[in-house]
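This report concerns only the one structure given below.
Read-outs: derived from the displayed coordinates by stated rules, not from any lab. All values reported here derive from a predicted model rather than from experimental measurement. Cβ sites come from the backbone with ideal geometry, for glycine too, and all protein chains shown count toward neighbours.
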Amino acid sequence: MTSRVFFLLGFSMLLSCGPTMPEEVEIAYEDLPETIDFNFHIRPILSDRCFACHGPDEKARKANLRLDIESNVFSKLEDKELFPVVAGKPDRSEIIKRILHEDPEMVMPTPESKMSLTNTEKAILIKWVEQGAKWKNHWAFEAPKKSELPTVSNAKWTKSEIDHFVMNKLDYLGLQPSEEATKETLIRRLSRDLTGLPPTPEQVADFKNDRSEKAYELLVDRLLASKSYGERWAWEWLDVARYSDTNGYQGDFTRDMWPWRDWVVQAFNANMSYDEFSIKQLAGDLLPEATTEDILATAFNRNHIYNTEGGTIPEETRVANVFDRTETTGTVWLGLTLNCVRCHDHKFDNISQKEYYQLFDYFNQTSEEGGGWGGKIKPLLTLAPEQDQKEIKELESYIATLYEKVETLELEKFPRAKGLPPSESEVAKNTANLDPRILLKPPKLRGAGGFNQLIKYFKTKDAYGKTIKKLHKTLSNYNEITSKHTQVLVMDELDEPRTTFVLDRGGYQTPILTDTIRPDVPKLLPPLKDVSENNRLALAKWLFAKEQPLTARVTVNRYWQAFFGNGIVKTAEDFGVQGSLPTHPDLLDWLATDFQENGWDLKRLFKQIVMSATYRQSSKVSEELLEIDPENVYLARATRMRLPSWMLRDQALFVSGMLKDSIGGVPVKPYQPEGIWDEATFGFVKYEQDTGDNLYRRSLYTFWRRIVGPTFLFDNASRQVCTVRTLKTNSPLHALTTLNDITFTEASRVIAERILSHSVDDKKRLQYGFKLLTSRNASSDEIDILLNRLASLRNTYSKDRSAAKEITSIGEYRTNSDLDLTDYASYAVLSSLLLNLDETITRQ
């Protein structure tokens with residue numbers, strides 16, 4: 001007999017007084033890997049099936065047993081001479097007995113949990129205990145290490161360090177990488193990935209004709225240096241930052257956040273290091289001698305939705321906004337799901353509710369009060385010329401002095417107990433014709449209407465009346481001056497810190513007053529070090545500390561996802577114990593460490609990725625490989641992905657020649673079906689379409705109404721909350737946009753003009769059009785198909801000139817009236833066909 005059989009016989013005998021070893025588990029055991037790894041085999045089972053009852057959440061925990069902490073797993077059970085796990089002894093491990101038990105009163109997971117273990121999972125747990133039950137901390141919470149490059153079977157294939165890790169995995173699986181893609185495919189892939197736009201026929205020809213060894217690298221460098229690079233990568237960041245041009249909710253007031261959007265584009269184009277890029281957005285206002293640009297960057301954390309509906313409670317809105325900032329930070333830089341922790345301890349990751357509010361405190365110290373109306377909600381940054389800025393700052397200083405004076409005078413005029421508002425004073429309550437509610441808020445939070453009533457009542461009877469009149473007049477003057485300039489919602493810091501409490505079940509109105517909170521980071525991560533002032537800036541810098549294990553991994557993974565369809569960790573938003581395991585953990589750690597060591601340089605990271613042989617592979621796939629790896633997680637080929645909807649629109653504008661290629665500026669309003677805004681805003685807001693060049697700007701600059709986003713988009717983030725992984729679908733309904741939207745149909749007839757002006761020969765015309773859209777020459781069979789279709793269309797439009805006229809006059813772009821109408825219409829339809837080819841709309 002084998003040693004394994006001896007073990008099973010012995011194990012079954014030892015369990016004879018309780019459950020017996022099922023035959024199915026014995027069979028499953030034989031197919032297990034030689035070594036069981038805690039992070040890759042055991043923790044996922046414990047997290048999925050055990051942590052709900054025996055995990056971090058104290059309130060949900062049963063039997064006072066935690067299976068997420070090593071010491072608890074190997075300690076004696078409460079009031080019993082039993083141990084959950086005894087290393088090397090499955091027969092003495094209560095967990096093993098329970099998972100094999102047939103008695104519904106004893107088996108784990110319990111029947112009422114609606115969860116169960118498979119035979120393989122039971123066998124894995126048994127083998128883990130048998131092999132010594134080695135425990136590991138969750139991989140993502142350990143600092144990444146830059147391992148040596150693994151050996152591979154085909155070193156000639158590798159072009160970068162990335163390829164060593166990918167090839168090593170393929171060797172293990174017995175797979176071979178795909179051949180390199182054609183030059184036409186590579187330049188199209190690179191151009192779209194790095195700039196969001198396709199290459200021109202001339203650029204394709206230049207690349208094909210360049211036979212030098214440096215041709216590919218020179219192409220990469222040119223694209224990284226393009227001004228379109230910043231616009232392409234800004235889109236990804238705007239989804240992350242939940243950017244919109246309106247507040248959201250029923251009123252959905254317009255706000256001026258576009259200067260921040262332009263700051264993002266400029267930062268990418270300048271290749272601002274990712275740590276600086278992030279720190280400025282989280283805490284630029286707290287930097288020493290912060291510039292206007294530094295403060296503008298903090299608009300990142302005012303991009304959230306803002307509720308200004310009638311009847312809203314300011315404090316409820318304010319707290320909701322702080323929740324959003326806290327959770328967005330957790331998602332973007334830490335890859336942690338913090339949303340649930342506002343109400344209770346995390347069910348899976350060892351993060352307590354108290355620790356959530358310690359993070360919350362960092363974002364709880366801005367002067368935003370939750371009230372307000374319209375799209376200019378303080379704190380605001382006024383973007384004005386230097387002379388006006390000087391006047392504005394002087395007025396702000398004077399207004400602050402007047403506020404303090406009013407507060408002092410109100411202590412005398414409306415005496416009351418310390419800490420109470422003036423409205424609680426008996427004088428205020430008993431003054432005839434004065435509504436005490438006007439005095440509920442401190443002076444700086446009162447609206448103009450309240451001051452008007454106070455002025456009417458007190459006039460200039462005394463110092464108080466004179467002061468509030470002076471304050472009101474100064475505020476009116478300030479509002480008149482600032483209204484002439486763009487004002488952006490930004491962050492600031494209170495002079496006197498606001499007290500933070502744990503909120504019972506996340507309710508703004510139910511603070512647990514016995515638990516005062518001070519700012520800090522979760523204990524499962526390295527502590528803050530050398531902090532002179534523990535504020536948002538300290539938190540931002542901590543995110544980029546060398547020992548902090550998550551930020552570099554999460555960032556590298558999110559950008560890897562953009563190039564390969566999925567991240568090395570598929571759940572880009574969740575690096576906790578419920579997240580996906582990395583497909584190439586050593587590669588992720590190598591890239592993360594290298595990213596840190598080289599100044600958080602994004603362009604360098606992108607160049608590393610696209611220079612690799614892994615990236616350059618063909619996307620052609622055999623049936624065998626598709627069956628083995630349908631999602632291409634092992635990277636034995638390039639990933640085919642349908643272009644995102646914003647890129648499809650930009651491509652149509654670019655290929656037609658209509659694209660107005662300029663950077664920045666106020667949002668534009670291109671074509672949109674009638675009535676979309678009417679329904680969403682109950683008819684109060686009308687869509688006023690732009691004209692001229694504004695119809696043909698990149699999608700990045702399109703005005704984004706939060707409650708109803710741009711209608712040409714599909715599969716895009718809603719911009720309601722932070723999104724780091726967008727949905728990808730492939731629905732025939734998407735063709736309703738690409739075949740019928742005005743921008744696409746207008747682009748088709750302008751492309752037709754380009755084709756018709758290229759030659760008088762139909763074959764040459766079709767070859768030019770095909771190459772314009774696909775970057776390659778059409779085969780003779782493809783040309784024949786297009787010629788047949790052209791003949792059919794000519795027959796149709798020669799008999800129906802009104803239809804021909806209609807299709808050649810779509811959109812506001814100028815029309816070439818010198819063209820033959822039948823040819824014009826026929827080629828417009830053919831151009832639409834070419835625009836909708838799978839090859840055109842897919843990143844090969």
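Below is a table of values for the structure above.
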{"read-out": "Globularity index of region 3-136, i.e. its alpha-carbon radius of gyration over 2.2 N^0.38 Å", "value": "0.99"}
{"read-out": "Pairwise centroid distance, computed over Cα atoms, of region 793-827 with region 350-401, Å", "value": "56 Å"}
{"read-out": "Förster radius 25 Å - calculated FRET efficiency between Asn433 and Lys473 (Cβ-Cβ, nearest 0.05)", "value": "0.65"}
{"read-out": "Bins of 5 Å from zero: percent of alpha-carbon pairs in region 616-754", "value": "2, 8, 15, 17, 18, 15, 10, 7, 5, 3, 1, 0"}
{"read-out": "The chain, helix-only ellipticity at 222 nm - DSSP H runs n ≥ 4, -39,500 (n - 2.57), divided by all residues, nearest 500", "value": "-13500 deg cm²/dmol"}
{"read-out": "Convex hull volume of region 385-484 per residue (C-alpha atoms, cubic angstrom)", "value": "94 Å³"}
{"read-out": "Long-range Cα-Cα pairs in the chain (distance over 44 Å), rounded percent", "value": "42 percent"}
{"read-out": "Selected from Ala63, Thr185, Leu733, residue furthest toward positive end of dipole (the chain; charges at beta carbon)", "value": "Leu733"}
{"read-out": "Trypsin sites (Lys or Arg not before Pro) restricted to DSSP loop in region 202-232 with at most 13 other C-beta within 10 Å", "value": "Arg211, Lys214"}
{"read-out": "Qualifying chymotrypsin sites (Phe, Trp or Tyr not before Pro) for region 289-386 [loop in DSSP, other Cβ within 10 Å: at most 14]", "value": "Trp373"}
{"read-out": "Dipole of region 385-484 [Lys/Arg +1, Asp/Glu -1 at C-beta], most positive-end residue of Tyr478, Pro422, Asn433", "value": "Asn433"}
{"read-out": "Of the trypsin sites (Lys or Arg not before Pro) in region 101-207, those whose Cβ has at most 11 other Cβ within 10 Å and which sit in DSSP loop", "value": "Lys114, Lys145"}
{"read-out": "Å³ per residue enclosed by the Cα convex hull of region 183-225", "value": "57 Å³"}
{"read-out": "Ratio Rg/Rh [Cα only; Rh per Kirkwood] for region 740-843", "value": "0.94"}
{"read-out": "q = 0.21, 0.22, 0.23 Å⁻¹: log10 I(q)/I(0) that the Debye formula gives for region 190-319, counting C-alpha atoms only", "value": "-1.17, -1.23, -1.29"}
{"read-out": "Förster radius 35 Å - calculated FRET efficiency between Ser779 and Lys686 (Cβ-Cβ, nearest 0.05)", "value": "0.10"}
{"read-out": "Distance from region 223-261 to region 540-571 (C-alpha centre basis), Å", "value": "21 Å"}
{"read-out": "Distance in nm between pseudo-label sites at Arg801 and Asp79 (7 Å out along the Cβ direction from Cα)", "value": "9.7 nm"}
{"read-out": "For region 183-225, size of Cβ-based charge dipole, Lys and Arg +1, Asp and Glu -1, in debye", "value": "140 debye"}
{"read-out": "Percentage relative contact order, region 652-744, counting C-alpha pairs under 8 Å, at least six apart", "value": "29 percent"}
{"read-out": "Hits among lysines - C-alpha to C-alpha of Lys134 under 16 Å, sequence gap 8 or more where chains match", "value": "Lys89"}
{"read-out": "Magnitude of the charge dipole, the chain, Cβ model with Lys/Arg +1 and Asp/Glu -1, debye to 20", "value": "1680 debye"}
{"read-out": "Where labels lie 7 Å past Cα in the beta-carbon direction, separation of Asp171 and Leu837 in nm", "value": "4.0 nm"}
{"read-out": "Furthest towards positive pole of dipole, Ala123, Pro630, Phe563, structure part the chain, Cβ charges", "value": "Phe563"}
{"read-out": "Rounded Å value of the spacing that divides the Cα centres of region 141-164 and region 600-615", "value": "14 Å"}
{"read-out": "Contour minus Cα-Cα distance for Thr292 and Glu480 (0.36 nm per residue)", "value": "65.6 nm"}
{"read-out": "Whole-number Å³ per residue for the convex hull built on Cα positions in region 494-628", "value": "182 Å³"}
